[in-house]
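To start, the structure under review is shown below, and the notes come after it.
The values are calculated or read from the model by the stated rules, or taken from the named source; none is laboratory data. Just so you know, these numbers come straight off a predicted model, no measurement behind them. When we count neighbours, we look across all protein chains shown, and the Cβ atoms used for this are built from the backbone with ideal geometry, even at glycine.
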Amino acid sequence: MTQNQDPAVHEISVDEFDEFIENHETLVILDVREPAEHAAAHIPRSVNVPLDLLAAAATAGTPTTNPALAGAREKTIVIYCADGSTSRKAVALLQARGFERVYCLAGGLAHWRAAGQAVIAEDA
């Protein structure tokens, strides 16, 4: 696991993320890009919650709670964006709300694709 400038935000490499996918049955993969970006290409099994909606989506017991985040405090969460910058903010936001096992995919979707990993697109 690599560390960036913010010691509280843990980044993982594409290889480490692959291990997480294989070894964490309750893994939540969170895409914090905008819906159009997610629809164009995203990591399989990922849930789209844009950064500006994440705080409300992570608040339990409200109409804005995202089902993927309800009860996710005990789960491992990997967050990604286009290049890793927005996902670091998302990790910090969730950590401030009590989520403990939250990781940022270093380099975001760009590194994922560069490593030859699969992405899927929604039908237009």
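Give the residue that is modelled with the lowest pLDDT, with candidates limited to residues of the stretch 1-26 that are hydrophobic (A, V, I, L, M, F, W, C) and within 12 Å of L105 (Cβ to Cβ). Spell out the reasoning first.
From the stretch 1-26, those hydrophobic (A, V, I, L, M, F, W, C) are 1, 8-9, 12, 14, 17, 20-21; that's our starting set.
Right, trim to within 12 Å of L105 (Cβ to Cβ) and you get 1, 9, 12, 14, 17, 20-21.
Details: M1: 45, V9: 88, I12: 97, V14: 98, F17: 97, F20: 94, I21: 93.
Ranking the candidates gives M1 first.
Would you check which residues across the stretch 89-106 are of a type in the set (D, E, K, R) and at pLDDT below 95 and list them? Step through it out loud before you land on a result.
Just the residues of the stretch 89-106 that are of a type in the set (D, E, K, R), to begin with: 89, 97, 100-101.
Residues satisfying the conditions are R97, E100, R101.
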Taking the stretch 59-113 as the search range and keeping residues that are surrounded by fewer than 16 Cβ atoms within 10 Å (Cβ to Cβ) and among the hydrophobic types (A, V, I, L, M, F, W, C), which one is nearest to V47 (Cα to Cα)?
A70
For the stretch 6-23, give me each residue that is under 14 Å from the mean Cα position of the chain (by Cα) and under 22 Å from A58 (Cβ atoms).
V9, H10, E11, I12, F17, F20, I21
